[in-house]
Amino acid sequence: MEGYVHGLEWTTKELFTYPNEFIYWSIQIVMYPLMTGLVAGAFVLSSLYHVFGQKDLKDMAKFSLVFSFALLIAAPMPLLLHLQHPLRGTEVFFTPHFTSAISAFGIVFFTYSMIVASEIWFVYRKFFVEQALELKDKEGILNKIKGCIYRILTLGAYDISEEALKKDEKAIKILAGVGIPVACFLHGYAGFIFGSVKANALWMTPLMPVIFIMSAIVSGIALCMLTYILIMEWKKFRIKTSKKPWELTVEDVKGAELELIRKTSKYLVGFMIAAITLELLDLVFRGYTAVKSWDILRSVIYGKDFVNIFILQYGLGNLLPFVLLLLPKASIRRMVIALVLVLFGVFMMRWNVVIGGQAFSLTFSGYMHYHIPIIPHNIETFKEGLMGALVVGVMPFVLFWAFNKIVPSLKYK
Amino acid sequence: MKFTRRDFLKTALSGTIASVLPLGGLRILKPGEVRAEIEKTNVRWGFLVDTYKCVGCGFCVKACKLENEVPYDAPVTRTWIERYVILKDGRVFADTPMGGRDGFVSLKVRETEIKPADIAKAFFVPKLCNQCEKPPCVQVCPVGATYQRADGVVLVDRSWCIGCGYCIMACPYGVRFFHPVYRTAEKCTFCIHRLVKGMKTACVQACPFGARQVGNLKDLNDPITKVILNERVAVLKDEYGTKPQVYYLGLDKNVR
Ligand code: SF4
Ligand code: SF4
């Protein structure tokens, strides 16, 4: 056979399907909404400090802002890896066709990255100026390069008087406030991409964008809580191991940590309830109205995908962490387990929507199964397999590490 | 100077257009656009499938693959034939091995051996792009690589398609796939390259039984337009609001 039939390698078909049907949207399309969801969540968390003045989140705010930017830069990666012609990907920005939901990506993505980038700039402007001035007269090629980078980053604005910094504060507040709805839009429209496909019986529901936003906030809060705990553990570790006296003791940190996590978990539980309610409403509605597609949907939901949906997503990913979060006498370890499970639950939800939506044929009398390529043997099985997904998953952390070299977001004074 | 009737018509036509344009008022059309507008009013390609005549030989699938350079042994195809076997107990069996390219020569539907005595009815249904009046595939393309011509035919620009697969997801008929060589969205084009030269599509030409016919739905004297107007015809999945333009004679309720 000449050429490469996309989807043939990881799709098995059962009963009557059309010849051209395959799993065309695979793991990368699962990763995409997962990533944008995390972007939205991380940004919302950083805004809690800047807009709503949650003082105890000060350190977190810087961290989650820079992390959100790293996630954001990595967010188009799954889309790009999924394209058959990745080099033409920029056409989405340059020649958008506005009746398509995907074409909005360029605009929303750029607006949002501009907001985050400028917010970072305002937050770090003072630091840039200080660095630029400090490195000016230092010897050594590395210092020269660094100095040059910081000089460029100041954009020529060297005024760091009280007054100027006050203005910065104001700008940050506005940007953080505007960013919240834009972040939600970035994700809600990812839900629209699926919800508006009328050919797909599982996807087509106006609830899809709302369900996506809810689960995005859930995943974002969970990831940020998790990273917050990790940072606090690191802090405790530093206090324990350092020789110099700290003004805080391990107990202080522990108390503050648990307190904040308890507070935030209330929001988490709230959004989880909203997400699950919407999903169940969708399910009940489909069962009750039982239109033509219900027979095949039921056989997928209650049959083929039962384990994925009811055991992994609702059971392990929702119910169990729900109980863990609500049981009295919360401990950090239990919280960590609950949060990891929540994140897993959100991943499974994306999986069950994207892959589950392709598990049945357009004939309504056949099925398709996706076998995720584990060990790649060509570029396609790499891109649309486990390895590609891992690359996408690791990418934000690599980017964050690189950004952190220039805008240190984990320094404590 | 000779002033022929053709010249007269030309002048009259451009005169009419010229006088209408300022009234329509917003912009001056380029000559190509004017021609497209005129064509738009004259041609709308449509298709008629007579399922009573189809014997499932698969000649059309073969012809299409060769004409349109879709790799012969790839399981994807621009047009295909489905076989439906409905048993006396009401069970429905359907299949389309290799899109029906090699015909249907076995009584086996996938793994099940069917006994001729059990069969209530059996028939074949050719499928191809419906060149929908309201094509969702065109609506969802993020870069406008897939578009609809004035004569109704929906095409893909291989030099522009980014290969996102959104159109494949959006087509309710499972018509689209990625071309194994070009890796861009691929679909039936009604052999538009042949139609514009006054020829028939490859599948129509290859069908020995006249089960497939292509024609201009705007021409009331066209044989297929007459059939569509006068006989009882059906289309596939009209509940999606796509307004498909491939009409079927003898469509059964079991057809998917
Ligand atoms: S049949 Fe499918 S590919 Fe053809 S025009 Fe309609 S939606 Fe588009
Ligand atoms: S696969 Fe190509 S033609 Fe189809 S929607 Fe994507 S860019 Fe458009």
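Quick one: what are the phi-derived ³J(HN,Hα) couplings along segment A:280-297, Karplus 6.51/-1.76/1.60 with θ = phi - 60°, whole Hz, x for glycine and proline?
5, 4, 4, 5, 4, 4, 5, x, 6, 6, 6, 6, 3, 6, 4, 3, 6, 4
From the phi angles alone, apply the Karplus equation (6.51, -1.76, 1.60; θ = phi - 60°) to segment B:180-194 and give each ³J(HN,Hα) in whole Hz, x where the residue is Gly or Pro.
x, 9, 7, 6, 10, 4, 9, 7, 5, 10, 6, 6, 4, 5, 8
Per residue of the protein assembly as shown, what 222 nm ellipticity follows from adding -39500 (n - 2.57) for every DSSP H run with n ≥ 4, rounded to the nearest 500?
-16500 deg cm²/dmol
Roll a 1.4 Å probe over the protein chains and send me the accessible area per residue for segment B:51-182 in Å².
38
Does anything in segment A:86-124 have its amide N under 15 Å from the 7 Å Cα→Cβ label point of A:Leu155, and if so which residues?
A:111-124, by backbone N distance to the label point.
Buried accessible area for the B:A pair, summed, 1.4 Å probe, in Å² rounded to 100?
4000
State, to one decimal in nm, how far the label point of A:Ser118 lies from the label point of A:Lys304, with both points 7 Å from Cα in the Cβ direction.
Those two pseudo-labels are separated by 4.8 nm.
Could you work out how much longer the chain between A:His371 and A:Leu133 gets when fully extended? Use 0.36 nm per residue separation minus the Cα distance between them, nm to one decimal.
Length gained, A:His371 through A:Leu133: 80.0 nm.
Less than 15 Å Cβ to Cβ from B:Asp95, Lys/Arg counted +1 and Asp/Glu -1: what total charge do the surrounding residues give?
+2
Enumerate the lysines that A:Lys58 could reach by cross-link, defined here as Cα to Cα under 18 Å, with residues fewer than 8 away along the same chain left out.
By straight Cα distance, A:Lys58 reaches A:Lys126, A:Lys166, A:Lys170, A:Lys173, A:Lys235, A:Lys236, A:Lys254, A:Lys263, A:Lys411, A:Lys413.
Using a probe of 1.4 angstrom, how much of the accessible area of chain A is carbon and sulfur, in percent?
Reported share for carbon and sulfur atoms: 71 percent.
To the nearest 10 square angstrom, how much accessible area does B:Thr79 have with a 1.4 angstrom probe?
For B:Thr79, the solvent-accessible surface is approximately 0 Å².
Which of the aspartates and glutamates could be linked to B:Lys62 by a straight reach, that is with a Cα gap under 13 Å, when you skip same-chain ones fewer than 8 residues away?
Within reach: B:Asp73, B:Asp102.
Determine the dipole magnitude for the protein assembly as shown: charges of +1 sit on the beta-carbon of Lys and Arg, -1 on that of Asp and Glu, nothing else is charged, the reference point is the Cα centre, and the result goes in debye to the nearest 20.
Computed charge dipole of the protein assembly as shown: roughly 500 debye.
Provide, for q = 0.14, 0.15, 0.24 Å⁻¹, the log10 of I(q)/I(0) from a solvent-free Debye sum over equal Cα point scatterers in segment A:30-119.
-0.56, -0.62, -1.20
For a quick check of your reading of the filter: which trypsin sites (Lys or Arg not before Pro) in segment A:86-185 sit in a DSSP loop and have no more than 12 other Cβ atoms within 10 Å?
Here the sparse-neighbourhood loop sites are A:Lys136, A:Lys138.
Could you give each residue of segment A:208-223 its phi-based ³J(HN,Hα) in whole Hz, using Karplus coefficients 6.51, -1.76, 1.60 with θ = phi - 60°, and x for Gly or Pro?
3, x, 5, 4, 5, 5, 4, 5, 5, 5, 4, 5, x, 4, 4, 5
With a ≥ b ≥ c the root eigenvalues of the C-alpha gyration tensor of segment B:111-195, is it rounded (a/c under 1.5), prolate (a/b larger than b/c) or oblate?
Judged from the Cα gyration tensor, segment B:111-195 comes out prolate (a/c at least 1.5, a/b above b/c).
Which of the residues in segment A:78-94 show a loss of at least 10 Å² in accessible area from their chain by itself to the complete set of protein chains, at a probe of 1.4 Å?
A:His82, A:Leu83, A:Gln84, A:His85, A:Arg88, A:Glu91, A:Val92
What is the distance, in nm, between label points placed 7 Å from the Cα along the Cα-to-Cβ direction at A:Phe364 and at B:Ser159?
Result for the modelled spin labels: 4.3 nm.
Among the aspartates and glutamates, which fall within straight-line cross-link reach of B:Lys200, defined as a Cα-Cα distance under 19 Å, with same-chain neighbours fewer than 8 residues apart omitted?
Correct list for B:Lys200: B:Glu39, B:Asp50, B:Glu67, B:Glu69, B:Asp151, B:Asp219, B:Asp222.
How much net charge surrounds A:Met272 when only the other residues with a Cβ under 15 Å from the Cβ of A:Met272 are counted, with Lys and Arg +1 and Asp and Glu -1?
0
Please go through segment B:153-256 and write out the GluC sites (Glu not before Pro) that DSSP classes as loop and that have at most 12 other C-beta atoms within 10 Å.
B:Glu231
Working out 0.36 nm times the residue gap between A:Glu233 and A:Val323, then minus their Cα-Cα distance, what length gain in nm do you get to one decimal?
30.0 nm
Quick check: residue separation of A:Lys254 and A:Thr277 times 0.36 nm, minus the Cα distance between them. What number comes out in nm?
Result for the pair: 4.9 nm of gain on full extension.
Heavy-atom accessible area per residue, chain A, 1.4 Å probe: how many Å²?
Counting only protein heavy atoms, the per-residue value for chain A is 47 Å².
So for the pair B:Tyr52, A:Ile145, with labels modelled 7 Å out along Cα→Cβ, what separation do we get in nm?
Going from the B:Tyr52 label point to the A:Ile145 one covers 8.0 nm.
For B:Tyr247, what residues show an amide H to amide H distance below 5 Å, using hydrogens built from the backbone and excluding near sequence neighbours?
B:Phe47, B:Leu48, B:Val49
Average projected area of the Cα convex hull of the protein assembly as shown, in nm²?
Orientation-averaged projected area of the Cα hull: 41.8 nm².
The values are calculated or read from the model by the stated rules, or taken from the named source; none is laboratory data. The shown structure was predicted, so the numbers you read here are calculated from the model rather than taken from an experiment. Don't worry about glycine lacking a Cβ; one is built from the backbone with ideal geometry, like all the others, and counts go over all protein chains shown. Side chains included, ligands, DNA and RNA excluded: accessible areas come from the protein's heavy atoms. Shrake-Rupley method; radii C 1.70, N 1.55, O 1.52, S 1.80 Å.
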